[in-house]
Amino acid sequence: MAFALPSRAYDLQMLDRPADRARDHGWVYGLPPGITSEQWPLDPVTGYPLMHGFTLLLPEDYRVHGADIVAVSFFATPPDHNDGGAVDDPEIRDAVLARTPHPRLSRMTDILDYEYAALLLTRSEYEGALATPPAPLALATAERPRWLDVGGASAFFEAAAPFAQKMFAGPPRADLAENLGIALMPRATDPNAGKAPQDPHIPRNPPSDYQSYYYFVGGVPSSENYRLHDWAKDHAHNHLGGTMRPCQAVPEMSPFYIEFEEYFGGYNFGTGNAQLDFKDMKFDWACG
């Protein structure tokens with residue numbers, strides 16, 4: 001499929017109020033739209049439903065899967081099921097993967113073999129009713145995740161460090177549907193919009209014109225010489241496309257990606273951040 005590369009990158013702001021689908025660009029926490037309970041992805045590790053992290057309404061220049069695919073919903077292993085590495089149970093995995101999936105479901109795993117998923121949504125799905133989480137498999141033996149009882153926002157807030165709690169205007173309601181709206185704002189300057197992220201320490205052939213957000217005065221690497229480029233100083237941590245600022249190495253991804261922090265949906269990334277490439281369906285995170 002031929003497509004144009006975006007000419008802008010966008011900052012994503014988690015608002016201090018519930019989403020208004022008429023004016024916002026999606027929501028963080030809460031429930032996904034437009035799917036049935038049977039289409040909600042289950043976790044092949046535990047047999048419980050994966051936690052909905054966010055649903056993002058894509059601007060037109062990021063609709064890489066066609067004009068009729070307008071949004072992406074991201075699902076993750078909840079923080080209380082993410083500790084020490086996944087233990088595979090073939091019986092649970094086979095039962096989960098035998099279910100009829102959503103037609104545009106992509107599954108991903110991280111370095112610890114924990115599970116994540118993304119759904120590409122049509123306009124009618126994005127505007128549809130909020131989904132109800134499915135019951136876990138009868139085979140599930142893991143402890144019930146907290147988000148299923150109080151919602152993802154409240155569950156994350158309960159266990160979050162003080163610096164993460166400050167991202168909320170106040171304690172979220174204990175409700176599965178509790179969400180916070182997303183505002184999408186074009187970055188004033190981002191020379192990397194429309195470019196695939198590149199690690200500045202790994203040479204490319206052919207060379208890339210992707211620019212790192214930092215530099216060292218005089219070209220001498222040291223903490224004293226570390227500087228941010230002026231154009232990067234006002235970039236938000238949560239964003240769509242453009243300059244990537246991972247906590248560790250830059251993963252290879254297309255220009256069609258979202259970078260987000262733990263509080264942007266409620267995860268356990270070891271105080272780090274994550275990236276979702278929704279064109280090639282890649283996912284990566286690293287601890288801080």
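Taking 35 Å as R0, compute the FRET efficiency from the Cβ-Cβ separation of Trp231 and Phe168 and round it to 0.05. Don't skip to the end; give the middle numbers.
Values: r = 30 Å, r/R0 = 0.85.
Efficiency, from the Cβ-Cβ distance: 0.75.
What distance in nm separates the two pseudo spin-label positions at Leu97 and Arg123, each 7 Å out from Cα along the beta-carbon direction?
3.7
What ranking do 250-257, 166-173, 53-60, 279-286 get when scored by the average of other Cβ atoms within 10 Å per residue, highest first?
Details: 250-257: 19.9, 166-173: 13.5, 53-60: 22.4, 279-286: 18.2.
Listed from highest to lowest mean packing, they are 53-60, 250-257, 279-286, 166-173.
When the Debye formula is applied to the Cα atoms of segment 147-225, each taken as the same point scatterer, what base-10 log of I(q)/I(0) results at q = 0.13, 0.21, 0.22 Å⁻¹?
At q = 0.13, 0.21, 0.22 Å⁻¹ the computed log10 ratios are -0.75, -0.93, -0.97.
List the relative contact order of the chain as a percent without decimals, with contacts defined as Cα pairs under 8 Å and 6+ residues apart.
Working: 634 pairs, mean separation 73.5, N = 288.
Across the chain, relative contact order equals 26 percent.
If you average over every viewing direction, what projected area does the convex hull of the Cα atoms of segment 148-288 give, in nm²? Don't skip to the end; give the middle numbers.
Details: hull surface 41.1 nm².
Convex hull of Cα atoms, orientation-averaged projection: 10.3 nm².
Nearest 500 deg cm²/dmol is fine: what mean residue ellipticity at 222 nm does the chain get from its DSSP H runs of n ≥ 4 alone, each adding -39,500 (n - 2.57), divided by its residue count?
Numbers: 5 runs with 28 residues, N = 288.
The helix-only estimate for the chain comes to -2000 deg cm²/dmol at 222 nm.
Which of the lysines could a cross-linker bridge to Lys195, judged by Cα under 28 Å and excluding same-chain residues fewer than eight apart?
Lys233, Lys279, Lys282
With a ≥ b ≥ c the root eigenvalues of the C-alpha gyration tensor of segment 1-135, is it rounded (a/c under 1.5), prolate (a/b larger than b/c) or oblate? Write out the running numbers ahead of the final one.
Working: a/c = 1.70, a/b = 1.63, b/c = 1.04.
It comes out prolate by the Cα gyration axes.
Write down the accessible area per residue of the chain in Å², having rolled a 1.4 Å probe over the full set of protein chains. Kindly include the intermediate steps, with their values, before the conclusion.
Working: 13080 Å² over 288 residues.
Heavy-atom SASA per residue in the chain reads 45 Å².
What does the charge add up to near Ile258, with Lys and Arg as +1, Asp and Glu as -1, over the other residues with Cβ less than 15 Å from its Cβ? Don't jump to the answer; show the numbers that get you there.
Numbers: positive: Arg8, Arg63, Arg187, Arg245, Lys279, Lys282; negative: Asp11, Asp61, Asp190, Glu259, Glu261, Glu262, Asp277, Asp280, Asp284.
With Lys, Arg at +1 and Asp, Glu at -1, the net is -3.
Please report how far the C-alpha centroid of segment 126-167 lies from that of segment 15-87, rounded to the nearest whole angstrom.
Spelled out, the Cα-based centre of one part sits 12 Å from the other.
From the convex hull of the Cα coordinates of segment 66-194, what is the mean projected area in square nanometres?
Mean shadow area of the hull around the Cα atoms is 11.2 nm².
Quick one: with all protein chains in place, what share of the accessible area of segment 1-101 is carbon or sulfur, to the nearest percent (1.4 Å probe)? Walk me through the numbers on the way to the answer.
Numbers: 2100 of 4220 Å².
The C+S portion of the solvent-accessible surface of segment 1-101 is 50 percent.
In a Gaussian network model over the chain where Cα atoms closer than 10 Å are linked, find which of Gly128, Gly241, Gly194 has the largest mean-square fluctuation.
Top of the fluctuation ranking is Gly128.
Kindly list the residues of segment 60-77 that lie in the label zone of Leu5, defined by a backbone N under 16 Å from the point 7 Å along the Cα-to-C-beta vector.
Taking a point 7 Å out along Cα→Cβ of Leu5, the residues of segment 60-77 whose backbone N falls under 16 Å are 61-64.
Using a 10 angstrom cutoff on alpha carbons, build the Gaussian network for the chain and name the most mobile of His201, His65, His237.
His201
Run the numbers for Leu130 and Asp88: contour at 0.36 nm per residue of separation, minus the present Cα-Cα distance, in nm.
Details: separation 42, 0.36 × 42 = 15.12 nm, distance 3.06 nm.
Net length gain for the segment: 12.1 nm.
Indicate the gyration tensor shape class of segment 1-64 (rounded, prolate or oblate), computed on the Cα atoms with a ≥ b ≥ c the square roots of the eigenvalues: a/c under 1.5 is rounded; otherwise a/b larger than b/c is prolate and the rest oblate.
oblate
Ignoring any ligand, DNA or RNA, what whole percent of the accessible area of segment 176-272 comes from carbon and sulfur when the probe is 1.4 angstrom? List each step's numbers first, then the result.
Numbers: 2410 of 4500 Å².
Carbon plus sulfur share of accessible area: 54 percent.
Rounded to the nearest 10 Å², what accessible area does Asp89 have for a 1.4 Å probe in the complete protein model?
For Asp89, solvent-accessible area is about 60 Å².
Local charge sum around Ala249 (other residues, Cβ-Cβ under 13 Å, Lys/Arg +1, Asp/Glu -1)? Intermediate results must be reported in sequence, preceding the final value.
On the way: positive: Arg245; negative: Asp199, Glu252, Asp284.
Residues near Ala249 contribute -2 overall.
Of the peptides 46-52, 67-73, how do they stack up when ordered by the mean number of other Cβ atoms within 10 Å, highest first?
So the order, starting with the most tightly packed, is 46-52, 67-73.
The values are calculated or read from the model by the stated rules, or taken from the named source; none is laboratory data. Every value quoted in this text rests on a predicted model; they were computed, and no experiment measured them. Neighbour counts are summed over all protein chains in view; Cβ atoms, including those assigned to glycine, are modelled from backbone coordinates with ideal geometry. Surface areas here come from the heavy atoms of the whole protein model, side chains and all, with no ligands, DNA or RNA. Shrake-Rupley method; radii C 1.70, N 1.55, O 1.52, S 1.80 Å.
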